[in-house]
Amino acid sequence: MEKKRIILFNPMPVKHPVAILNKMTTSLQVPLVNVPLSLLALGRMVRDEFDVKIINAVVDNDYKKNIIDMSKNALCLAVSSMTCHQITDGIDVCKAVKELYPQLPVIWGGYHPSTEPMQTLKNPYIDIVIRGQGEVPFKEVVNKLKKNESLEGIPGISYKEGGKIIENKDREFKTLDSFPPIPYDMIDVERHVKGYKFAKRCIDYYSSFGCAAGCDFCSEPLFCGRHWSGLPAETVVSELEYIAKTYSIDTFMIRDSDFFINVNRVKKICSLLIEKNLGFRLTSVNGRMELLSRMDEEVWGLLRKAGICEIFIGFESGLQEALDAMNKGARTSQIKACIDKCIKHDIDIRGSFMVGIPGVNAKEEVRKTFEEIHHIISSYGKMGKLDHMDILLSFFTPYPHTKLYEASVKNGLKPLNTLEEWGDFDQFDFKAPWFSKEYFDITREFRAGMPMNSGCDFREWCGFYEGIVKRLKSI
Ligand code: B12
Ligand code: SF4
């Protein structure tokens, strides 16, 4: 019997694909080409019984037309979306498909629909939302659709029926080892291999899912209920080995939210990688500063030997009051502690900061955050190693139903009442009403002047920084 077709779609995350070059490393700061891990996680559950087509807008110029062509006689169209331009692009494609095939069920999942299911379903082109971890509910939903049966009682989903929106109960969090491996063979891997800093053939991978922390600006706690699950160390290493050998990969960009939470697992992964000496590296490995700053020297000593050459830390702010307002559970002193450890163990740093947290003193927030960034730049600049660090400085952006979204509304943010409004929301330079223009402008100027963005050397940077500090005092 012919298999029914399922279309899995990853829309464009940005309106205008811009390549932000790191002038120190001449690689892109945020590579847009990413393996659609979300879609592969779903695809692995249904590939045996269905004809699964994966469309990633980022690597397919004709994605809209291709989806429309595939939609005839398809079982469903399933769309993944974060809170960003993916919403707008996703709606655009679903509208075009629904105009031709109004009966085709459209399913949405991922961070945005999971945290805003009711609003998402108010959109006329969306029929079903799968909340949170998608693997099992997606499989159950498509099997029901295939048999033309009701979706009643499937945990973890919300859907429309008879003009009403029905919200089923939540689903339990599943551990990652209960699923088959991520099936890279379902995509054209060559189109997803990217350059990144030292890497010529870098690809995305994740070894754990979820996060146990509870930062009040982040969608993760709402999305996964502070659960975390990691693949066993042996599985991680054998998967990395297989992918590296099959696709000649020299570097893995690790997409976990918190790689380091289980120190024993980290130790074991590192020991196995060292023992096997596989020759690839791990980059952009995400960790929390409060955990990293107190991680044993013994574990730090293993990281670089195992090939971990860059750690990505959300430092967020140089102002303690701001860290507390976001419930970060960290101290500003831990920023320096992490930088010292990275320098000592020859690991590159990729740190992210933001300003514009509602309810804190903006002048102090900006001043202290600039100061921390200057400290990091100086630490690397003095060693002549500016190409071993990267700083992402952004403006705080509220996400649905987070505590800081509520605080933002209290501080003057106009509530976002529709899916379309969230799609139009600017994640790059969100101009919060409580954050005055002077601070906004000086932050943009500071950001543009950082060595990785301007290409300046350390001496020039110090002169520039002095000027910024003087100007900040006068605001
Ligand atoms: C890779 C990544 C990206 C990639 C693109 C990914 C893509 N889809 O194209 C890039 C770098 C482009 C990116 C961009 C952004 N990102 Co991002 N990103 C990630 C990251 C690190 C990994 C995502 C991933 O692949 N995970 C592995 C897969 C398997 O998990 P998953 O995506 O959650 O999928 C599961 C479920 O969500 C669900 N599911 C997902 N899609 C679908 C679809 C259907 C139909 C169904 C049924 C289920 C389902 O099932 C899957 C299996 O369980 C996550 C953090 C994290 N660790 O998850 C942040 C994360 C998703 N990003 C986030 C954000 C905010 C952004 C930005 C919007 C903002 C920013 N300033 O970074 C930008 C977008 C604008 C821009 N600058 O490009 C937030 C999302 C918050 C939110 N409310 O949307 C996250 C959670 C980081 C965080 N903690 O804040 N991101
Ligand atoms: S540690 Fe990172 S992923 Fe986890 S809740 Fe905080 S910001 Fe989100």
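The values are calculated or read from the model by the stated rules, or taken from the named source; none is laboratory data. A quick note: this is a predicted structure, and the numbers were derived from the prediction, not measured. Here the Cβ positions follow ideal geometry from the backbone for every residue, glycine too, while neighbour counts run over all protein chains shown.
Things to note:
- Test: residue in region 223-232 that is more than 30 Å from GLY156 (Cα to Cα) and more than 16 Å from ligand 1 (Cβ to nearest atom): no
- Among the residues listed as SER284, SER238, SER293, the single one being out of contact with any helix residue (DSSP H, G or I) (no Cβ under 8 Å at 6 or more places or on another chain) and touching a residue at least 40 places away in the same chain (Cβ under 8 Å): SER284
- Any hit, region 392-411, residues being closer than 23 Å to GLU460 by Cβ and either aliphatic (A, V, I, L, M) or over 23 Å from the mean Cα position of the chain (by Cα) (or both): yes
- Within region 375-390, the set of residues being among the basic types (Lys, Arg) and over 18 Å from CYS309 (Cβ atoms) comprises just one member, LYS382.
- Checking ILE357, ILE391, ILE377 one by one, the residue that is assigned to a loop (DSSP other than H, G, I, E, B) and β-branched (Val, Ile, Thr) is ILE357 and no other.
- Yes/no for GLU190 being away from ligand 2 (no atom under 16 Å from the Cβ), more than 18 Å from GLY307 (Cβ to Cβ) and outside any loop (DSSP other than H, G, I, E, B): yes
- Residue, farthest from GLU406 (Cα to Cα), within region 207-260, restricted to residues that are part of a loop (DSSP other than H, G, I, E, B) and small (Gly, Ala, Ser): SER248
- Of all residues in region 195-224, those that are over 16 Å from GLY307 (Cβ atoms) and touching a residue at least 24 places away in the same chain (Cβ under 8 Å) have Cβ atoms under 6 Å from Cβ atoms of residues that are assigned to a helix (DSSP H, G or I) and within 7 Å of ligand 2 (Cβ to nearest atom), 6 or more apart or on another chain, in CYS211/GLU220; GLY214/PRO221.
- Residue that is farthest from LEU386 (Cα to Cα), among those in region 438-464 that are of a type in the set (Ser, Thr, Tyr) and surrounded by 19 or more Cβ atoms within 10 Å (Cβ to Cβ): TYR439
- Candidate set: region 22-49, residues that are at pLDDT below 70 and of a type in the set (A, V, I, L, M); chosen: the one farthest from ARG255 (Cα to Cα): LEU28
- Enumeration of residues in region 305-330 that are under 16 Å from LYS344 (Cα atoms) and not in a strand (DSSP E or B): LYS305, ALA306, GLY307, CYS309
- Given (1) in a loop (DSSP other than H, G, I, E, B); (2) out of contact with any Ser or Thr (no Cβ under 7 Å at 6 or more places or on another chain), index of the condition ARG447 fails: (1)
- Hits in region 119-129 (condition: in a helix (DSSP H, G or I) and out of contact with any Leu (no Cβ under 7 Å at 6 or more places or on another chain)): LEU121
- Boolean, GLY132 is free of Cβ contacts under 8 Å to residues at least 60 places away in the same chain and in a loop (DSSP other than H, G, I, E, B): no
- Flag for ARG171 being out of contact with any Ser or Thr (no Cβ under 9 Å at 6 or more places or on another chain), within 30 Å of LEU323 (Cα to Cα) and assigned to a loop (DSSP other than H, G, I, E, B): no
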